[in-house]
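Let me begin by presenting the structure, written as structure tokens, before commenting on it.
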Amino acid sequence: MVGDASLDWRPTASFEILRQRAAFLKKVRQFFEQKEVLEVETPLLVSYSNPDFHIEHFSVDSNPQLFLHSSPELAMKRLLAAGSGPIFQITKVFRKNEFGRLHRQEFTMLEWYQTGITYHQLMDAVHELLEFVGIQRSSTKLTYLQAFQQYSGLDIAKADESALKKYVDNAAIELVGFNAISKDLLLELILTEKVEPHLGQDCMTFLYDYPASQAAMAKVRDGVYPVAERFELYFQGVEIANGYQELTDSTLLKQRFEHAIRSGLISTSGLDPQFFAAIDSGLPECSGVAIGLDRLFMLYSGCSKIQQVMSL
């Protein structure tokens, strides 16, 4: 069969970019080697889909049914519970319906867990990693509340759903295509449209202490305004990392997932019994972070879209 001579078959990344990417990944591994953090590898095909919020999973037509993982988090926490100590993994992950300049259905993630440290200490460690690989930028920390106050003028500790809806309407932020409107959805839209473009411009920005309703697998700290001990890192207005002070209580985790399933916030094949057995046995106090390496290298190399740094 003769190929189509008019078809552009060449990879989307230049060889110069691919050489830079290889050197970049080598530096990442050198950082962890110096810190004595163990590199691990867990399966891409899993028996249970990850309970990831607002993420659709690829299933494999097999018997029994398998899924392409959207994160190695559950498998790595089993290693932590078994006594691995600090670990990291560079792996492909798969998420349905992710397209665009910053999104691919298959992309490369760095997942990293440090035992015995707080999420603030992990933020500092992430900054140290980025400096090590050659991103010489200072960083700042900004709470979720502070960021909304500064860039949208909203006091979200006091704003109810109707106030947020009024703000969205006045700002002409589109609400098309959503099955249901919630406070968290409105916050996410305002964050995307009004806050994120300002983050990580003059220096890298760690946005932390999210609303408790957006905790996912992070611990929640009680107070007048309870917050999730969670952070995201922004570089040039782009989110490149998502980290938690990990929730280690198996009962609370199970309750959180079951509530999310009932509310339609997550779609999952069921709760992984091995994961919960591992958490029951005792997950050590730890903090973890996931970093999108394609996005990070795109910004590092000066490219404008992740397809330019991937051999597609």
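Observations
- Of all the numbered requirements in (1) at pLDDT 95 or above; (2) within 23 Å of Leu296 (Cβ to Cβ), Gln236 misses one, and that requirement is (1).
- In region 1-28, the residues that are surrounded by 12 or more Cβ atoms within 10 Å (Cβ to Cβ) and among the hydroxyl-bearing types (Ser, Thr, Tyr) form Cβ pairs under 6 Å with partners that are modelled with pLDDT under 95 and not in a helix (DSSP H, G or I), at six or more places apart or across chains, as follows: Thr12/Leu312.
- Condition check for Ala212 on (1) surrounded by 15 or more Cβ atoms within 10 Å (Cβ to Cβ); (2) in contact with a Phe, Trp or Tyr (Cβ under 9 Å, 6 or more places away or on another chain); (3) within 18 Å of Gly153 (Cβ to Cβ): one failure, at (3).
- Residue pairs whose Cβ atoms lie under 9 Å apart, sitting 6 or more positions apart in sequence or on different chains, and linking a residue in region 131-145 that is small (Gly, Ala, Ser) to a partner that is surrounded by fewer than 16 Cβ atoms within 10 Å (Cβ to Cβ), are Gly134/Lys27; Ser138/Asp202; Ser138/Cys203; Ser139/Asp124; Ser139/Cys203.
- The criterion of at least 1 residues that are at pLDDT below 95 and among the aromatic types (Phe, Trp, Tyr) is met, among strands (runs of 3 or more DSSP E) falling completely within region 1-119, by 66-68.
- Taken over region 249-298, the criterion of being in contact with a strand residue (DSSP E or B) (Cβ under 6 Å, 6 or more places away or on another chain), at pLDDT below 95 and in a helix (DSSP H, G or I) is satisfied by Ala260 alone.
- Just one residue in the set Phe148, Phe231 is touching a strand residue (DSSP E or B) at 6+ places or on another chain (Cβ under 6 Å) and either of a type in the set (Ser, Thr, Tyr) or touching a residue at least 40 places away in the same chain (Cβ under 8 Å) (or both); that residue is Phe231.
- Residue check, Glu41 surrounded by fewer than 19 Cβ atoms within 10 Å (Cβ to Cβ), charged (D, E, K, R) and either closer than 24 Å to Arg262 by Cα or touching an Asp or Glu at 6+ places or on another chain (Cβ under 8 Å) (or both): no
- Residue pairs whose Cβ atoms lie under 9 Å apart, separated by 6 or more positions or on different chains, with the first residue in region 36-57 and on the phi > 0 side of the Ramachandran plot and acidic (Asp, Glu) and the second modelled with pLDDT of 90 or more and surrounded by 17 or more Cβ atoms within 10 Å (Cβ to Cβ), are Glu36/Pro86.
- Verdict on Glu111 being acidic (Asp, Glu) and touching a Ser or Thr at 6+ places or on another chain (Cβ under 9 Å): yes
- Being out of contact with any Gly (no Cβ under 6 Å at 6 or more places or on another chain) and either free of Cβ contacts under 8 Å to residues at least 60 places away in the same chain or basic (Lys, Arg) (or both) holds for only one residue in Pro211, Pro197, Pro273, and it is Pro273.
The values are calculated or read from the model by the stated rules, or taken from the named source; none is laboratory data. Please read these numbers as outputs of a predicted model, since none were measured by experiment. Using ideal geometry, Cβ is built from the backbone for each residue, glycine included, and neighbour counts are taken over all protein chains shown.
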